[in-house]
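Undergrad: This is the structure I have questions about; it appears just below.
The values are calculated or read from the model by the stated rules, or taken from the named source; none is laboratory data. These numbers come from a predicted model, not from an experiment. Neighbour counts run over all protein chains shown; Cβ positions are idealised from the backbone, glycine included.
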Protein chains: 2
Amino acid sequence: MEALGRQILVEFYDCEQSRINDLTYVENSLIQATKDANATIISHNFHKFSPYGVSGVVVIAESHVAIHTWPEYNYAAVDIFTCGDTIEPWTIQENLKELFNSKSVSSMEMKRGLFKVPKGQKLLFKPSQEFQSN
Amino acid sequence: MEALGRQILVEFYDCEQSRINDLTYVENSLIQATKDANATIISHNFHKFSPYGVSGVVVIAESHVAIHTWPEYNYAAVDIFTCGDTIEPWTIQENLKELFNSKSVSSMEMKRGLFKVPKGQKLLFKPSQEFQSN
């Protein structure tokens, strides 16, 4: 079986509360971590909630990176969904761990889109250039 | 242990190709399915790729719903991340199955943000009103 994509679900516990409650800091962190992993950013969209919490998504040509933070629990949930061989999702996790100063991290990698392919062949990775946005 | 959120990872195989390659159709499907599950939509952002594929995210007050489609494999990966008790994530899956005419669905539910709480107590779910967007 070959997978079209891989997804890392990351639990960042014991984060620095003020950082993960700061909309601009969280957004810049995800953008920087995503760029450092050689991803191509298509759009990013972040929101702050009252009284606490930030949610946001960076859509990349290679899929997406999403975050939801619960500063009141010093916790942030991050999803790193990638496809193709040009991007290394684990570097995103490592960068965010430092940026949020998380003292306890739990991660799980999932394969997405499993298909049988003839031996020696690979799934075709589609070209990633965008041509239309809503 | 109590969880702050739940996440359903859905693999929609054997979808109708033309539907999951249609930016407007995919976007409208996610918006409709999300509304039908009583979610509060904050933003949505979708992109079409060349030659195939649609990626997009609906950010909701209760977290997010994301999609990446590979029409060339009749496949769509969907993540449904929710928190709180007011939204039923499985209805989103059921609605999208019909909208994409998927003949084969595989799903997995994950708990996100696990914390020990005293017996009989629950984790506090933060109010979801937004007060700032980037």
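Undergrad: For the stretch B:31-74, give me the residue count where each residue is within 8 Å of chain A (Cβ to nearest Cβ) and more than 25 Å from residue A:4 (Cβ to Cβ).
TA: 3
Undergrad: Here's another thing I want to ask about it. Taking residue B:87 as the residue in question, decide whether it is more than 10 Å from chain A (Cβ to nearest Cβ) and β-branched (Val, Ile, Thr).
TA: Numbers: more than 10 Å from chain A (Cβ to nearest Cβ): yes; β-branched (Val, Ile, Thr): yes.
Spelling it out, residue B:87 is indeed more than 10 Å from chain A (Cβ to nearest Cβ) and β-branched (Val, Ile, Thr).
Undergrad: Separate question: Please tell me if residue A:81 is modelled with pLDDT of 95 or more and over 25 Å from residue B:107 (Cα atoms).
TA: Numbers: modelled with pLDDT of 95 or more: yes; over 25 Å from residue B:107 (Cα atoms): no.
Taking the combined requirement at face value, the residue does not satisfy it.
Undergrad: I'd like to check which strands (runs of 3 or more DSSP E) are fully inside the stretch A:29-118 and have at least 3 residues that are surrounded by fewer than 23 Cβ atoms within 10 Å (Cβ to Cβ) and in contact (Cβ under 8 Å) with a residue 12 or more places away in the chain.
TA: A:41-49, A:104-115
Undergrad: Going through B:105, B:65 one at a time, which residue ends up being closer than 28 Å to residue A:122 by Cα and modelled with pLDDT of 95 or more?
TA: Going through B:105, B:65 in turn, the sole match is B:105.
Undergrad: Continuing with the same structure: For the stretch A:56-75, which residues satisfy the criterion of being under 15 Å from residue A:10 (Cα atoms) and among the polar types (S, T, N, Q)?
TA: Result: A:69, A:74.
Undergrad: Considering only the stretch B:1-58, how many residues are at positive phi and touching a Gly at 6+ places or on another chain (Cβ under 9 Å)?
TA: So the answer is 0.
Undergrad: If we keep just the residues of the stretch A:7-28 that are within 11 Å of chain B (Cβ to nearest Cβ) and part of a strand (DSSP E or B), which is surrounded by the most Cβ atoms within 10 Å (Cβ to Cβ)?
TA: Checking each candidate, the answer is A:12.
Undergrad: Scan the stretch A:3-23 and tell me whether some residue there is among the acidic types (Asp, Glu), within 24 Å of residue B:49 (Cβ to Cβ) and out of contact with any Pro (no Cβ under 7 Å at 6 or more places or on another chain).
TA: no
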